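First comes the structure, then the notes that go with it.
The values are calculated or read from the model by the stated rules, or taken from the named source; none is laboratory data. Since the model is a prediction, treat every value here as computed from it, not as a measurement. Every residue, glycine as well, gets a Cβ built from its backbone with ideal geometry; the counts of neighbours run over all protein chains shown. When the accessible area is computed, the model is the full protein with side chains, heavy atoms only, and any ligands, DNA or RNA have been set aside. Shrake-Rupley method; radii C 1.70, N 1.55, O 1.52, S 1.80 Å.
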Amino acid sequence: MGGKSKEAEFEAYRLRIYPWVREIPEDEEGWRREGYSPEDTPLLSFVDGLMTVFVVHQGEDSYEILKDSMVPDGVSTEMLYQTACENLARDVEFVFSNTLFGGFGVIADGIHEASALCLRHIWETCTQKLEDDVLILVPARDMLLFAPQSDERAVRSMIQFAEQGWMQSRYRVTKKQYRYSRERKELTIYENN
């Protein structure tokens with residue numbers, strides 16, 4: 001049987017694994033729509049309501065969901081996450097732009113914008129430069145928006161802008177709001193009560 005071992009196959013694509021941020025489906029139908037399941041796919045929940053799915057870049061805009069059967073024994077989900085984030089930081093250029101609503105947007109390649117949530121150093125830098133916590137919205141895989149928490153006008157406008165993005169997107173992520181705390185250096189769900 002002259003085939004490659006699972007370890008050799010994994011090494012061949014290890015540097016092409018990336019994290020995709022997705023909302024955790026609430027039911028079986030939601031999982032079916034996503035096209036993968038926790039039974040056969042390595043997934044990592046990293047903040048309330050969101051998870052990371054791992055994909056392998058196959059060329060151009062083609063990606064394959066990484067399945068458990070593709071991962072060698074001894075490679076944990078946490079190890080996959082670390083590798084995927086390193087690949088993302090190395091290969092995808094993230095640009096921060098001012099927006100019409102007074103906040104900021106993350107621009108990448110139209111595929112990995114939401115994945116910027118996985119890169120903690122981005123949010124540490126943003127909160128330090130803005131000298132404030134940031135509220136973050138991820139309505140679609142190609143749309144990540146944020147604004148200083150204390151700028152109420154920008155936050156209100158950002159929420160309206162994100163709602164439009166959600167409605168128009170084919171690749172929706174979530175309507176939930178998240179906050180990156182400057183002091184605690186952590187991403188959490190934001191409940192505006």
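Would you be able to tell me the number of residues in the stretch 36-55 that are out of contact with any strand residue (DSSP E or B) (no Cβ under 7 Å at 6 or more places or on another chain) and open to solvent by 40 Å² or more (accessible area, probe 1.4 Å)? Talk me through it step by step, then tell me what you get.
Of all residues in the stretch 36-55, those out of contact with any strand residue (DSSP E or B) (no Cβ under 7 Å at 6 or more places or on another chain) come to 37-40.
Subsequent filtering for residues that are open to solvent by 40 Å² or more (accessible area, probe 1.4 Å) retains 38-40.
The number of residues fulfilling the criteria is 3.
Only a single item in (1) without any contact (Cβ under 8 Å) to a residue 60 or more places away in the chain; (2) within 29 Å of residue 17 (Cβ to Cβ); (3) in a loop (DSSP other than H, G, I, E, B); (4) not polar (S, T, N, Q) is not met by residue 132, and it is number (2).
Just name the residue that is least open to solvent (accessible area, probe 1.4 Å) out of those in the stretch 1-33 that are at pLDDT below 90 and closer than 20 Å to residue 80 by Cα. Filtering the stretch 1-33 for residues that are at pLDDT below 90 and closer than 20 Å to residue 80 by Cα, the one least open to solvent (accessible area, probe 1.4 Å) comes out as 5.
For the condition closer than 24 Å to residue 176 by Cβ, touching a Ser or Thr at 6+ places or on another chain (Cβ under 7 Å) and of a type outside the set (A, V, I, L, M), what is the one hit in 30, 49? Break it down stepwise before answering.
Numbers: 30 fails: touching a Ser or Thr at 6+ places or on another chain (Cβ under 7 Å).
Only one candidate passes the filter, namely 49.
Specify the residue that is farthest from residue 23 (Cα to Cα); the eligible residues are those in the stretch 143-165 that are in contact with a Lys or Arg (Cβ under 8 Å, 6 or more places away or on another chain) and open to solvent by 40 Å² or more (accessible area, probe 1.4 Å). Outline the logic, then answer.
Of the stretch 143-165, the ones in contact with a Lys or Arg (Cβ under 8 Å, 6 or more places away or on another chain) are 149, 162-163.
Subsequent filtering for residues that are open to solvent by 40 Å² or more (accessible area, probe 1.4 Å) retains 149, 163.
Values: 149: 23, 163: 16 Å.
The residue in question is 149.
Does the stretch 90-111 contain any residue that is under 21 Å from residue 53 (Cβ atoms), open to solvent by less than 20 Å² (accessible area, probe 1.4 Å) and not β-branched (Val, Ile, Thr)? Checked against the condition, which is being under 21 Å from residue 53 (Cβ atoms), open to solvent by less than 20 Å² (accessible area, probe 1.4 Å) and not β-branched (Val, Ile, Thr), the stretch 90-111 yields no hits at all.
Scanning the stretch 167-178 for residues that are more than 14 Å from the chain's Cα centre (by Cα) and either under 13 Å from residue 117 (Cβ atoms) or open to solvent by less than 40 Å² (accessible area, probe 1.4 Å) (or both) yields a single hit, 169.
Right, residue 62: polar (S, T, N, Q), open to solvent by less than 70 Å² (accessible area, probe 1.4 Å) and free of Cβ contacts under 8 Å to residues at least 40 places away in the same chain or not?
Spelling it out, residue 62 is indeed polar (S, T, N, Q), open to solvent by less than 70 Å² (accessible area, probe 1.4 Å) and free of Cβ contacts under 8 Å to residues at least 40 places away in the same chain.
Of all residues in the stretch 57-89, those being aliphatic (A, V, I, L, M) and farther than 14 Å from residue 9 by Cβ number 6.
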